[in-house]
Amino acid sequence: MALSVSKPVSVVLGLLLLAALIAVPLIAPRAVTQDLFGVLTLLVLAMNWNMLAGFAGLVSVGQQAFVGIGAYFMFAAVILWGMDPLLGVLVGGLAAMLFAVPMAFFAFRLHGAYFAIGTWVVADIARLLAGQWKALGGGTGTSLPKGTTKDMFGVPWVKDVLDISSAAAADAVTYWLALGLAVVMLVASYVFLRSRMGLGLQAIRDNVQAARSVGVDPQRLKLAVFLLTAFGTGLCGALIFIQITRVTPDAAFSVLDWTAFVIFVVVIGGIGTLPGPIVGVVVFYILQRLLADYGTVYLIVLGLIGIAIMLFARGGLWGLFTARTGVDPFPLRHRPPAHLRVKASKV
């Protein structure tokens, strides 16, 4: 039986880790900040997909649609509408959530493998449409105007306070935003999953008919989660392409970068668990650093590890850890009301 770590200990350890991560741009080389930015944005994408597939039972392989739409509308906000890139990130998130409405209208009529393929088809349609957006370069894409990131909100202040270059200040600002997005996503996921709605969502995943029989509305709850994860994924996609500074349809809607790697991270970490994506991202980053120089061998090794985890540790590395140690700092189990526990003890 899993034992939950005491809340004060978890909070203290979490705050210490958060303080260390906040300090990274102040004490570490710029390359480290950029690497951790990539780790954090991948973590946000993984947590959003895990919420869909792991807790709502919606196995989507079209999440790249929201990344691409978030990126393209951030570029449109900057280039066409003259907005600050950080405001453009919000525009990108909202655009992704709006796109999720018609996508859900179509995809929610499908189930299982058909749902997964349907989301992929819609994402590819979005990629083709982005290639027709002539104002943003069409099929060849476009770049942010020179100096855009150096002048965005907060960068001049960080540059003056820390006495660093504009490029390093821009990296620090985007890194802190990615860190904030990851923390908000983690905390919001935990609070939501511990709520009545979160319990209903997990009930839907396990047995739709049983959940409906106790008053849970599966369609409404799944739609809410689908829209919210689209918003979070769109925000993350826009933030990623602020640092990249160039967008093309193939890069923004890459199924390998924004969906396949995300699925791998969640599966090896532990699908349907909160710490799973965190563990998966750490393992993925380590493998990437060790094997990236070996070309296709790198992808083969990732595939073999994914297959091994699915065969021998279906709960992922985190599930294996909790099963062996009984430690769970993020318990999601709900205890029955006291009067029901009393009745059960009398039986």
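Of all residues in segment 39-59, those that are of a type in the set (G, A, S) and at pLDDT 95 or above total 1. Among the residues of segment 184-197, the ones that are open to solvent by less than 20 Å² (accessible area, probe 1.4 Å) and either within 13 Å of the chain's Cα centre (by Cα) or within 30 Å of L144 (Cα to Cα) (or both) come to 1 in all. Total residues in segment 152-193 satisfying the condition of being part of a helix (DSSP H, G or I) and touching a residue at least 12 places away in the same chain (Cβ under 8 Å): the figure is 26.
Checked across segment 115-129, the condition of being surrounded by fewer than 23 Cβ atoms within 10 Å (Cβ to Cβ), not basic (K, R) and not in a helix (DSSP H, G or I) holds for no residue. Residue count for segment 201-212 satisfying the condition of being part of a helix (DSSP H, G or I) and either open to solvent by 10 Å² or more (accessible area, probe 1.4 Å) or closer than 18 Å to G154 by Cβ (or both): 8. If you go through segment 29-73 and pick out every residue that is aliphatic (A, V, I, L, M), in contact with a helix residue (DSSP H, G or I) (Cβ under 8 Å, 6 or more places away or on another chain) and open to solvent by 20 Å² or more (accessible area, probe 1.4 Å), you end up with 7.
Matching residues to (1) surrounded by 19 or more Cβ atoms within 10 Å (Cβ to Cβ); (2) more than 16 Å from the chain's Cα centre (by Cα); (3) farther than 30 Å from G147 by Cα:
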position	(1), (2), (3)
F241	yes, no, no
V247	yes, yes, no
V265	yes, no, yes
G270	yes, no, yes
V279	yes, no, yes
I307	no, yes, yes
R314	no, yes, yes
V327	no, yes, yes
F330	yes, yes, yes
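Those helices (runs of 4 or more DSSP H) of segment 216-295 in which 1 or more residues are modelled with pLDDT under 90 and either under 15 Å from A46 (Cβ atoms) or β-branched (V, I, T) (or both) occupy 276-291. Give the residues of segment 167-183 that are open to solvent by 40 Å² or more (accessible area, probe 1.4 Å) and more than 15 Å from A46 (Cβ to Cβ), sorted by residue number. Hits for segment 167-183 are W176, L177. Of the helices (runs of 4 or more DSSP H) entirely within segment 1-98, those holding at least 3 residues that are over 23 Å from V279 (Cβ atoms) and of a type outside the set (A, V, I, L, M, F, W, C) occupy 64-79. Inside segment 1-34, residues that are of a type outside the set (A, V, I, L, M, F, W, C) and at pLDDT below 80 make up a count of 5. Just to verify a result, which residue in segment 213-231, among those that are surrounded by fewer than 16 Cβ atoms within 10 Å (Cβ to Cβ) and of a type outside the set (A, V, I, L, M), is farthest from F37 (Cα to Cα)? So, considering only residues that are surrounded by fewer than 16 Cβ atoms within 10 Å (Cβ to Cβ) and of a type outside the set (A, V, I, L, M), the one farthest from F37 (Cα to Cα) is S213. Scanning segment 147-166 for residues being surrounded by 15 or more Cβ atoms within 10 Å (Cβ to Cβ) and over 23 Å from M83 (Cβ atoms) gives a total of 1.
The values are calculated or read from the model by the stated rules, or taken from the named source; none is laboratory data. Source: prediction; values computed, not measured. Positions of Cβ are generated from backbone atoms using ideal geometry, with glycine treated the same way; all protein chains shown enter the neighbour counts. Calculation scope for accessible area: heavy atoms of the full protein, side chains included, ligands and nucleic acids excluded. Shrake-Rupley method; radii C 1.70, N 1.55, O 1.52, S 1.80 Å.
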